Amino acid sequence: MKRLIPLVVVLALAGCANFKMPSYHPPTRPAPVEHPPSSSDLMLHEANRIAERVKAGELNRVQAADQLNAYRLRTVGHNAVDDDMFATYRQIAVQRDANQISQEEAQARMDAKLRETLRRWPKLKPKPANPAFTNFLLKVYGLPPLGY
């Protein structure tokens, strides 16, 4: 028996020499799926383009708002939520251009309007299919998009 134990150990070790450890291959991640930009992302891009023209003095705030609205109507069309939101957005632009309200007041009014829309959204029937303008503003203000 004492001679058998070393033999078993030698055979076991000899077998280990032929044993290959399975190689580790980390799981591959699927390539990221590229989604086309959303309407609100396109609206943000257009708003940034127009903002550069405002900074350059080519447009005032109301003209910029009107150009953004024209873009909105071309790309997603009318809907009650965006039409109402744009009316507020434009009125704030008019008041800002006339120096009737400060930047802080303008932001506070827009924020309040957006939050009101978020509160009303769950009960709204029928919901518009693509409230892109409102979702664009919600993104700018760091608020969640309207759910569907």
Whole-number D in µm² s⁻¹ for segment 74-148, Kirkwood Cα-pair radius fed into Stokes-Einstein, 37 °C, 0.692 mPa s: 254
Protein accessible area in segment 51-148, 1.4 Å probe - carbon and sulfur %: 52
For segment 30-148: accessible area per residue (Å², 1.4 Å): 60
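The values are calculated or read from the model by the stated rules, or taken from the named source; none is laboratory data. From a predicted model like this one, the values you see are computed outputs, not experimental measurements. The protein model used for the area step is the full one, side chains on, heavy atoms only, and it has no ligands, DNA or RNA in it. Shrake-Rupley method; radii C 1.70, N 1.55, O 1.52, S 1.80 Å.
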